[in-house]
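The values are calculated or read from the model by the stated rules, or taken from the named source; none is laboratory data. These figures come from a predicted structure and were not determined experimentally. Cβ: placed from backbone, ideal geometry, glycine included. Neighbour counts: every protein chain shown. SASA here: full protein model, heavy atoms, side chains in, ligands and nucleic acids out. Shrake-Rupley method; radii C 1.70, N 1.55, O 1.52, S 1.80 Å.
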Amino acid sequence: VSPDHRVRDPGWSVGDAIASVARRIRMLALAEAAAWGAALAALSPAVAVMTAVAVAVWRWRAARRAEIIHALERTQPAARNLFVTADEVERGVLAVTPTARERVLADAAASVATIDLQTMYPVAPVMRAAMVTCVAWGLAGTAGLWRGPLHQVGSVVLSPPASQNDGDSQPRLRVNVRIQPPAYTGLEATTSVDPGQLRTIEGAVAAVLVESPAGRVTLEHDGATRSLERVADGRFSGRIQLTKTGYLLVAADEDARRMIPVLVSPDALPSVRVTTPGRDLVYGGGNPRIAFEARATDDFGLRSLALRYTIVSGSGEQFDFKDGEISLTVTPASVRDWKGTASRSLSDLKLKDGDMLVYRAVAADTRPGDGNGSSDAFVIEISKLGVAAGDAFTLPEEEARYAVSQQMLIVKTERLHQRRGAMRPVELAEAALNLAVEQRMIRAEFVFMLGGEIQDEEVEAEQSTELQAGRLQNRGQRDVRAATIAMSQAEKHLTGADTARALIAERAAVTALQRAFSRERYILRALATQSQLDPTRRLTGNLSEARDWRRSPMAVPANRRTALLQDLLRGIAELSGGQTGVRPESDRGPGSDPGPSPAAGPAGAADAPLRQRALVLAEEAIRIDPAAALLRQTATELQRVADAVADPAARSGALAAATTAAASEARRAHAEPPLGLPNVAPALTGAFADSLDVARRASGRPR
Amino acid sequence: MIPPARTLHPRVLLRVIAIAIAVAAAIDPAITMSGATRPRLAVVTQQPASAAAERVRARIIQDLGPSHDIVPQVTSDTAAAIVIGDRYPDEPVPEHLLVATVSTAAAPATGVRLVQVDAPRDVPAATTIHLDVDVEAQGLAGRSTDVTVGIGGLEVGRASHLWTIDRERWRAGIDAVPVGEPPWVVRVALAEAPGATAGSRIVSDSVVDLRRSPFRVEVYEPRPSWAATFVRRALESDARFEVASLSSISRGISVRTGDGAPLSDPRLDAADVVVVGGLDRLSAADVRSLDRFMRERGGAVALVYDMRVNAGPVRDLLPIDMTERLVERPEKLSIASGAAPLEASELLLLSNLLPGSLPAGAWATGAGLVIAKTADGSPVIVSMPRGGGRLLVSGAMDAWRFRAAGNNAFDRFWQATLAGLALAAPAPIEISVAPPLLRPFEKGELTVRVRSRARAPIAASIDGDETIRLRPEPEAGLFRGQFTARGTPGRSTIEVHLADSARRSASRTVLVRSEARRIAAQPALSMLASSHRGIDVTADRVEELERFVRGAVTSPNADAVRRPMRSTWWILPLAVCLSAEWWIRRRRGLR
């Protein structure tokens, strides 16, 4: 039965009317409270409940009898306190005669029957609240479109103010990284969410999408910081090209950071080798055809394979260089493994006597820019005199007396060695001496190549020492010098008619030459110079000017890396202490008692949240050296510590792993421990040793 | 006519006997007798004695008492001693005395324990701390044990060992990085300690302080030498070293670095180590200065050979023989510390370090320490004591040529080796505290060693306000004192001031921790038996000890001098004789 219907009931009294109005007021109050509560629930359930209760209480007051009477009077000003009087009469507050009582009540009933309760207590407030509710929930429902996913908004904005620990357990950032390797690699893009570490190829592009309630998100890459742009779905976006090992640091605010170590592997250059001929060739002339075959492999793919050459013509100081390329017929076994073949005659290459062609295979991978790999260089030499030299080397130049190769010398020595039993000692000695002269001539050629005359064997050995000491880093020079030493030994043996030992030394010289001229031969020829001594400067110094001098050694920089790693370890120790509640006593100051850690080191204040301290340490670890694998691991584990503040087991495990990695890296950076020496009563051990020495001297033992 | 036979009257006989006794007593004759004697055996029970020890003592006395003269303490005439207890005695025991022991300590149960932790007292900055940890296990064959090293609450080192036999001892070498502020408390713990109980020796704390002063090294070359030059360069590239050098490059012309001083200059004592190259040019005066530097200063001298020197003053420094070995390919020299091997092709093999050859696998012989040796065990680099200092001889003549090998193993070797020598060289004032890690209100012993022989007043204090009384010891320059640690955990600073002309002083930080854990490195009682020709048995093997004592301690035939007349019993026959003689005379009416 509706109150409106009751109002029109003929037997309706003022009391009935008041009761009916009160019910309506209460129903409207409850409805309005529910509507407002529902509206605010889109923001916060607790606020919604409080608001609903408040609205209900506020509206409920209007259901009191006095309030209703006053409302009736306000609605019917013509009643002139009729409802107040009727109320007092009904409640017996006002003593009147029965006639008056009936009269008043009848007038009041008649008057109240004319009141429209819907006008008096409209449902508009309820409708208004309902509309607000609809709007609020509409906004909340579409928040993902204009600000981010609902769950993210809800977790941060709609949740009640979280405690510190609760806040730590909620990730404030969600970092989505999509790695797009360079197109030429053919690798597919990968996507990861909150990655502990990124591994990719050089040149890859990282597309970073960050979900965060913050208004500004920055991305730091190897020291350069920039702000990320907010995209249509409410997330922050940015792109980074990864060219070297480093890190990404995403920061939304002070306590919402994520450190991501990045390990960038460089794209390896193609591996190229000449398989045919694969050795040096010497031709005395003619027009032979030479077949070339080269193989190349690459980790991602090849783009080209060719044979490049340089023809060296001329002699002495008049060398002429001409570059060219031989196209290869490429047969790819796969995109990563190519084989190329070609065939050319000497006339095709326009080689004439005395020329030398240095060639090498060159392959390029599919990367943009210069991605060329080169094989060892080999030589094709046109020399009638040098044919006998085979794989050995000598200058092809002008004087015929230098044309005897080391290999030919070996052949001659072998023949002499075979015939020595049938020869008279005098003939053998003379023949061996001739070979010794030839050996010396060849050796002189190489000494000339090295830039100076070496006549003294001891001086030569000393220069060999210089080589080993690292002053002459050129490997080719080192090998040539080793060859000259072997030649000197061969010469000595030949001089003594010891052909067996001479053969050993001669072959050692050939081996050294072969080593020397695999790659650096061309360079050696071009760089061969002879130093000129100025004899006029000899003995021209003033001895009186020779005096003492003081050497100033270079200042040694402090071991900054060690200091940083110790600082990192200290921070981790404080983090561990903060986790376990135990603080290393050794770190306490004089007279201090056990308590929280001091605000020292990279962790900053000891009272700072665990998560934030872990993030700071992760950042410090990666900043020390992003290229160090152990430091990247340390940073990753510390990031896990930050992410797992609500999970003690996972946090402890990550912290232990971070400690181990950081300590291992620190151990590498620290100097080795001093040698431990027995130091028990040093004076007595010294006396003991002296006594033994005295006894030994007395016994006359030889030294 | 035959005279009537005269009969000896009893009265006369008694009188003669009495007179004879009196005369003999007056003469007091000495009689030498030969025969077996009971050896004197000291059965010493350490106090406080346990019930088991008392039972053992009672049994030994019961069994050996009839044949031995048992005394409770060692005296000058005891033939042997039996010590019953559980620890090495504090009182000295005569070296010549035969001592057998009965160890009443509980037999080690199944489990693992820390025996000893060797930690350096100081390390320079940016240097790892090397710890040698002795661990013993009983009945754990097939199981493994982890030793962890923690500093500042972090685990900074770990080593693991698999036990292979029933009773085994393992020495672990662990390098740890320091964390936090010095001095560092290094906690060594057994991570896997089966059988461990409360109070088990599974955790030990050591204190390692930071050496703040640099290692001062002087490089001296009477002539330029590549070998010494590259050692110098290795040190100059290390910030922990302060290198001075003096190199004579020609007659009367020298090159100097830093405060390089001639060897005869008193300023040389500022150096901890002197590296000498060009040894063939060393003069006799140089050698005397180096010898003084080692003996009086207590410094270290490193002789770096680049050629064999058969004669000359330098030979007076070398109590060793040298054999030259030249090899075609560089030989890898294994290093005592386990570091990367050195390479050298020109070697001087050092021998005759001390009587006897170097056992296979050994790094130390007598007082000498082999630092580097060839694959066949021939020492090439050795260190040996020289007075209060040390002498290092390097026979790796051309190791500098291969200095790039092994990731600069040459540099790292010389840096570590000379750092060790410098650490062993005494400072002008050395302060040590025992135990290094104190508990609140614990008494600590302070030892101060002053390098200077000059007499000067010395004073020590803790925390600036409490004086520590130092008493001089018989050893010159050595002082000891006692102090009481602070009542709360924290740090205290001990300062020592020497009132000499230089007004030198030194300080040391003392850590006080309530939870300090340490293991007593006390020798076992069995070592007393081992060092005194005896045997050590447990309480259930006393018969074995008794057999040993009976066999080892014989009853000697000794000549004993007796004086029989000194016995008081002679009064009785004297009195009897005199009384009887008087009674007979009275019966006959004589007077």
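Calculate the FRET efficiency for A:A646 and A:V437 from the Cβ-Cβ distance with a Förster distance of 60 Å, rounded to the nearest 0.05. Result of the calculation: an efficiency of 0.10. Using only the Cα atoms of region B:458-591, build the gyration tensor, take square roots of its eigenvalues as a ≥ b ≥ c, and label the shape rounded, prolate or oblate: rounded if a/c is under 1.5, else prolate if a/b is larger than b/c, else oblate. Here region B:458-591 falls in the prolate category.
Under 16 Å from the 7 Å Cα→Cβ point of A:R64, by amide nitrogen: which residues of region A:112-127? In region A:112-127, the label zone of A:R64 (backbone N under 16 Å from the point 7 Å along Cα→Cβ) covers no residue. Backbone geometry of region A:285-291 corresponds, through the Karplus equation with coefficients 6.51, -1.76 and 1.60 at θ = phi - 60°, to 3J(HN,Hα) couplings of x, x, 9, x, 9, 10, 9 Hz, x marking Gly and Pro. Are there residues in region A:664-678 whose accessible area shrinks by at least 20 Å² when all protein chains are included rather than the chain by itself, and which are they (probe 1.4 Å, ligands and nucleic acids not counted)? Buried by 20 Å² or more upon assembly, which counts only protein chains, are A:R667, A:H670, A:A671, A:E672, A:P673, A:P674, A:L675, A:L677, A:P678. When B:W226, B:W569, A:W338, B:W414 are compared by accessible area at a 1.4 angstrom probe, the order from most to least is B:W569, B:W226, A:W338, B:W414. Taking all protein chains together, B:M307, A:M259 sort by accessible area into B:M307, A:M259, largest first [probe 1.4 Å].
Take chain B with all the other protein chains still there, run a 1.4 Å probe, and you get 48 Å² of accessible area per residue. The length gained on full extension between B:E515 and B:R588, counted as 0.36 nm times the residue separation minus their Cα-Cα distance, comes to 16.2 nm. If r is the Cβ-Cβ distance from A:R279 to A:V205 and R0 is 41 Å, what FRET efficiency results, to the nearest 0.05? After rounding to 0.05, the efficiency reads 0.35.
Between A:A377, A:S327, A:M356, the Cα set farthest toward the positive side of the dipole of region A:320-387 (charges on each charged residue's Cβ, about the Cα centre) is that of A:S327. In the assembled protein chains, A:T331 presents an accessible area of approximately 80 Å² (probe radius 1.4 Å).
Taking all protein chains in place and a 1.4 Å probe, what share, in percent, of the accessible surface of chain B do carbon and sulfur account for? Before the final figure, lay out the partial values.
On the way: 14860 of 28160 Å².
That share works out to 53 percent.
Of the solvent-accessible surface of region A:248-355, computed with a 1.4 Å probe over protein heavy atoms with every protein chain present, carbon and sulfur atoms account for 47 percent. Each of B:S250 and B:D376 was given a label point 7 Å from its Cα along the Cα-to-Cβ line. The distance between the two points is 4.5 nm. Counting Cβ atoms of other protein chains within 10 Å of each Cβ in B:317-329 and taking the mean gives 1.
Amide H contacts under 5 Å for B:V102: B:V83, B:I84, B:G85, B:V537, restricted to partners 5 or more places along the chain or on a different chain, H placed in the peptide plane at 1.01 Å from N.
For B:V207, the amide hydrogen comes within under 5 Å of the amide hydrogens of B:V186, counting only partners 5 or more places away or on other chains and with H modelled in the peptide plane.
Phi angles of region B:157-174 translate, via the Karplus equation with coefficients 6.51, -1.76, 1.60 and θ = phi - 60°, into HN-Hα couplings of x, 7, 9, 10, 9, 9, 6, 10, 10, 5, 10, 8, 10, 10, 10, 9, x, 10 Hz per residue; Gly and Pro are given as x.
Of all lysines in the structure, those lying under 22 Å Cα to Cα from A:K350, and not within fewer than 8 positions of it along the same chain, are A:K322, A:K384.
Peptides A:648-661, B:178-191, A:627-640 ranked from most to least packed give A:627-640, B:178-191, A:648-661, packing being the mean of other C-beta atoms within 10 angstrom over each peptide's residues.
Model label points for A:V49 and B:V16, set 7 angstrom from Cα along the Cα-to-Cβ axis, are 13.7 nm apart. Computed with a 1.4 Å probe over protein heavy atoms only, the accessible area of A:D194 comes to about 50 Å².
Rounded to the nearest 10 square angstrom, B:R486 shows an accessible area of 50 square angstrom against a 1.4 Å probe. Database remark: amide H of B:L333 closer than 5 angstrom to the amide H of B:L342, B:E343, B:A344 (H placed geometrically; neighbours at sequence offset of 5 or more, or on other chains; Pro and chain starts carry no H).
Sites listed here are chymotrypsin sites (Phe, Trp or Tyr not before Pro) in region A:182-279 whose DSSP assignment is loop and whose Cβ has at most 12 other Cβ atoms within 10 Å, and the list is empty. Cross-link partners for A:K492 among the lysines, with Cα-Cα distance under 18 Å and sequence neighbours closer than 8 places in the same chain left out: A:K412. Sorting A:R91, B:R292 on solvent-accessible area from highest to lowest, probe radius 1.4 Å, gives A:R91, B:R292.
Can you pull the mean other chain C-beta count within 10 Å for peptide B:151-161? Intermediate values should be presented prior to the final figure.
Working: counts 5, 12, 15, 16, 5, 9, 3, 2, 0, 0, 0.
Per residue, the average neighbour count from other chains is 6.
With R₀ fixed at 51 Å, the C-beta to C-beta distance from B:S76 to B:R212 puts the FRET efficiency at about 0.45.
Were the residues from B:D63 through B:A552 laid out at 0.36 nm apart, the gain over their Cα-Cα distance would be 174.5 nm.
Listed by chain and number, the lysines whose alpha-carbon sits under 26 Å from that of B:K373, ignoring those within fewer than 8 places in the same chain, are B:K332. Report the residues of region A:540-567 in range of a label on B:N408: point 7 Å along Cα→C-beta, backbone N strictly under 19 Å from it. From region A:540-567, the list is A:553-566. Taking 0.36 nm per residue of separation and subtracting the current Cα-Cα distance, fully stretching the chain between B:E91 and B:A25 would add 19.1 nm.
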